[in-house]
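Inspection log for the structure reproduced underneath, given as structure tokens.
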Amino acid sequence: QVEVVESGGGLVQPGGSLRLTCATSGRIFSIYNLNWYRQAPGKQRELVASIFISSGGSTKYADSVKGRFTISRDSTKNTMYLQMNSLKPEDTAVYFCNADVFVAGVGRRDLWGQGTQVTISS
């Protein structure tokens, strides 16, 4: 079974930091792109950060998180991270991991995790 699982969410005070982890498992032959999305209550899901594996590992961020969030990947552990610093109350949301991958014997698939809650509050 191929899946992605997020972890690392929690309650943090404004100005604090969190690191989210996304672990991929299963017969993933190759990874094209890895993304972090978030969805706040009553709002649409938005793309927060991307890492383009098939394009040499370049990254892209939403304007709202530039300079505060860093997306990275450890290919040896099949894991992706989102380091979040200088957190603000408006960063409160459920954060989702998304992986655009090629699954052996199946083909290209768009995988989603179940989400992890991040709450920024004093």
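The values are calculated or read from the model by the stated rules, or taken from the named source; none is laboratory data. The shown structure was predicted, so the numbers you read here are calculated from the model rather than taken from an experiment. In this analysis, Cβ positions are derived from the backbone assuming ideal geometry, glycine residues included, and neighbour counts consider all displayed protein chains. Side chains are part of the model used for accessible areas, which takes the heavy atoms of the whole protein and leaves out ligands, DNA and RNA. Shrake-Rupley method; radii C 1.70, N 1.55, O 1.52, S 1.80 Å.
Looking only at the stretch 36-53, how many residues end up being in contact with a strand residue (DSSP E or B) (Cβ under 7 Å, 6 or more places away or on another chain) and either in a loop (DSSP other than H, G, I, E, B) or touching a residue at least 24 places away in the same chain (Cβ under 8 Å) (or both)?
Pass one, the stretch 36-53, residues in contact with a strand residue (DSSP E or B) (Cβ under 7 Å, 6 or more places away or on another chain): 36-40, 45-53.
Those left that are additionally either in a loop (DSSP other than H, G, I, E, B) or touching a residue at least 24 places away in the same chain (Cβ under 8 Å) (or both): 36-40, 45, 48-49, 51.
Selection size over the stretch 36-53: 9.
Only one of (1) touching a residue at least 60 places away in the same chain (Cβ under 8 Å); (2) of a type in the set (Gly, Ala, Ser); (3) not in a loop (DSSP other than H, G, I, E, B) is not met by Gly16, so which one is it?
The number of the failed condition is (3).
Provide a single number: the residues in the stretch 27-49 that are crowded, with 19+ Cβ neighbours inside 10 Å and either among the small types (Gly, Ala, Ser) or closer than 30 Å to Gly105 by Cα (or both). Please lay out each step first, then the result.
Of the stretch 27-49, the ones crowded, with 19+ Cβ neighbours inside 10 Å are 28, 31, 34-38, 48-49.
Of the ones still in play, those that are also either among the small types (Gly, Ala, Ser) or closer than 30 Å to Gly105 by Cα (or both) are 28, 31, 34-37, 49.
So the answer is 7.
State yes or no: is Gly10 among the small types (Gly, Ala, Ser), open to solvent by 70 Å² or more (accessible area, probe 1.4 Å), at pLDDT 90 or above and farther than 11 Å from Ala99 by Cα?
no
Between a residue in the stretch 19-35 that is outside any strand (DSSP E or B) and any residue that is of a type outside the set (Asp, Glu) and open to solvent by 50 Å² or more (accessible area, probe 1.4 Å), which pairs come within a Cβ distance under 7 Å, given they are 6 or more apart or on different chains?
Gly26/Gln1; Arg27/Gly105
Would you point out the residue of the stretch 70-115, among those that are of a type in the set (Asp, Glu) and not in a strand (DSSP E or B), that is most open to solvent (accessible area, probe 1.4 Å)?
If we take residues in the stretch 70-115 being of a type in the set (Asp, Glu) and not in a strand (DSSP E or B), then Glu90 is most open to solvent (accessible area, probe 1.4 Å).
Being among the polar types (S, T, N, Q) and either surrounded by 13 or more Cβ atoms within 10 Å (Cβ to Cβ) or in a loop (DSSP other than H, G, I, E, B) (or both) is the filter here; which residues of the stretch 54-69 pass it?
Matches in the stretch 54-69: Thr59, Ser64.
So is Ile120 surrounded by 15 or more Cβ atoms within 10 Å (Cβ to Cβ), closer than 20 Å to Ser7 by Cβ and in contact with a Pro (Cβ under 6 Å, 6 or more places away or on another chain) or not?
In short, yes.
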